Amino acid sequence: MIRWRSARVDAVRAEWPGAVEYAVTVFEEAARGAGPGTACRALAYVDLVGRPQVGDTVLVNVSALERGLGTGGLALVVADPDRVPADPPAGPGHVVKARYTPLQAMVLGVDEQESPHHAVLAEADSIDGMPVVTADLHSALPAVVAGLRAARPDAVVAYVMTDGGALPARFSRTVAGLREAGWLASCITVGQAYGGDLEAVTVHTGLLAARLVVGADVAVVAQGPGNLGTGTRWGFSGTSAGEAVNAAHTLGGLAVASLRVSEADPRPRHRGVSHHSLTAYGRVALVPAQVPIPLEDSGIGREVRRQAHELCAGSGGRLAPVDVPTDGLDAALATSPVRLSTMGRGVEEDRASFVAAAAAGRHAAARIPTRE
């Protein structure tokens with residue numbers, strides 16, 4: 001159930017394309033200004049709810065905030081009743097995202113009939129060998145691109161954001177920072193995710209748009225910030241990484257399966273190679289993929305190699321292990337224009353996580369096909 005509260009906007013804390021973070025005072029009762037107030041952060045997506053001003057009273061959703069969740073643990077502005085945003089200009093587009101929710105939004109899909117790219121995508125069926133790096137967590141994105149750029153700084157990179165985590169691309173300060181720095185040519189939101197530079201109906205058309213519309217040399221597919229896990233074998237949103245492998249191969253791409261790795265996660269199921277990667281690539285993916293394995297001569301490095309080679313050996317030849325040297329990757333990670341953080345841990349706390357992702361990027365860079 002949704003928990004609604006009334007809140008007073010006290011100050012603007014931060015702003016990036018499409019989103020504003022506020023300091024607000026949230027009141028105990030949904031009625032305006034009733035009960036004692038609690039200071040917290042609130043986020044507004046300006047294309048949906050407008051741009052509240054200091055002093056305004058807004059309606060906020062505090063469901064995740066009150067449960068103390070990580071990525072979702074802040075208030076979300078639902079409406080500013082006294083400052084209703086203007087209607088958007090009339091234009092094409094009939095793809096509805098966040099369907100049948102009070103905040104459903106209509107967008108122009110890159111693949112729909114009214115799109116200027118429809119003719120290109122109507123019969124498109126191949127991404128021409130483009131490497132597609134699949135990852136479980138959104139936090140892998142900047143590390144993958146850092147490893148890729150260390151070898152190919154000229155590579156055109158597109159991010160295909162699936163809907164397993166945050167639906168609004170505007171939530172991601174990582175995407176905003178990578179776009180601003182020129183590390184990403186485009187963010188393509190697929191499924192129920194929305195707010196990217198391009199919108200697509202499926203991962204398949206998202207990949208086709210990455211190659212044929214954006215002109216990408218490499219695509220990275222991962223869910224938006226946040227992910228859902230239940231501590232069960234199958235109950236986690238990262239199964240989409242295996243489905244992305246299937247899509248990449250179906251479209252004639254090279255699937256590069258980035259491993260989720262940790263040397264610091266307190267949960268045994270995520271130490272070394274996470275059970276998410278073992279399930280997504282070992283069970284959900286049904287087609288060939290290459291699995292980059294960081295060559296690290298350390299305790300965690302040896303354990304990751306053992307688990308990864310075991311995963312590939314059990315795939316009946318479907319998964320191909322590729323040992324990737326890691327020299328220079330720490331320096332590459334240090335150049336990231338955005339903060340590197342996974343589950344609240346930075347490079348100093350969980351280096352193995354970021355090095356594994358950067359190794360996947362390095363391998364993808366080496367497999368970029370020559371354009372004719």
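Some notes on this structure:
- Whole-number percent relative contact order across the chain, with pairs defined as alpha carbons under 8 Å at least 6 apart: 16
- The stretch 245-372: C-alpha gyration tensor shape, a/c 1.5 cut-off, then a/b vs b/c: oblate
- Taking a Cβ cut-off of under 11 Å around Thr239, the surrounding Lys, Arg, Asp and Glu residues balance to a net charge of 0, with basic ones at +1 and acidic ones at -1.
- In order through the stretch 183-199: 3J(HN,Hα) via Karplus (6.51 cos²θ - 1.76 cosθ + 1.60), integer Hz, x for Gly, Pro: 7, 10, 7, 6, 10, 10, 8, 10, x, 8, 5, 8, x, x, 5, 10, 10
- Seen against the Cα atoms of the chain and their longest principal axis, helix 140-151 is set at about 50 degrees.
- The dipole here belongs to the stretch 289-372: it is taken about the Cα centre, uses +1 on the Cβ of Lys and Arg and -1 on the Cβ of Asp and Glu, and is about 300 debye.
- An oblate overall shape is assigned to the stretch 45-107, the ratio a/c of its alpha-carbon gyration tensor axes (a ≥ b ≥ c) being 1.5 or greater and a/b not exceeding b/c.
- Shape call, the stretch 97-183: gyration tensor on alpha carbons, a/c limit 1.5: oblate
- The chain: angle of helix 299-313 to the longest principal axis, Cα-based, in degrees nearest 10: 80
- Val120 versus Glu348: modelled label distance in nm, points set 7 Å from Cα along the beta carbon direction: 4.4
- Rounded percent of accessible protein surface that carbon and sulfur make up, the chain, 1.4 Å probe: 52
- Computed over Cα pairs, the Kirkwood radius of the chain leads via Stokes-Einstein (0.692 mPa s, 37 °C) to a diffusion coefficient of 154 µm² per second.
- J(HN,Hα) series, the stretch 104-116, from Karplus relation 6.51 cos²θ - 1.76 cosθ + 1.60, nearest Hz, glycine and proline x: 4, 10, 9, 10, 8, x, 4, 9, 8, 5, 7, 6, x
- Solvent-accessible heavy-atom area per residue, rounded to whole Å², over the stretch 87-216 at 1.4 Å: 40
- Relative pair counts by distance (%), Cα atoms of the stretch 134-291, 5 Å bins: 2, 10, 20, 24, 22, 15, 7, 2, 0
- Note, ³J(HN,Hα) from phi for the stretch 354-366, Karplus 6.51, -1.76, 1.60, rounded to Hz, x at Gly and Pro: 6, 5, 4, 5, 5, 5, 5, x, 4, 5, 4, 4, 6
- The stretch 285-345: equivalent-ellipsoid semi-axes (sqrt of 5 x gyration tensor eigenvalues, Cα, Å): 26, 14, 12
- Over the chain: helical MRE at 222 nm, DSSP H runs n ≥ 4 each giving -39500 (n - 2.57), nearest 500: -7500 deg cm²/dmol
- Relative contact order for the stretch 48-201, counting Cα pairs under 8 Å that sit 6 or more residues apart, in percent: 17
- If you run the Gaussian network model on the chain, springs between alpha carbon atoms under 10 Å, then out of Val110, Val96, Val291 the most flexible one is Val96.
The values are calculated or read from the model by the stated rules, or taken from the named source; none is laboratory data. Just so it is clear, the model here is predicted, and its values are computed rather than measured. All Cβ positions, glycine included, derive from the backbone under ideal geometry; neighbour counts span all protein chains shown. Keep in mind that these areas ignore ligands, DNA and RNA; they rest on the heavy atoms of the full protein, side chains included. Shrake-Rupley method; radii C 1.70, N 1.55, O 1.52, S 1.80 Å.
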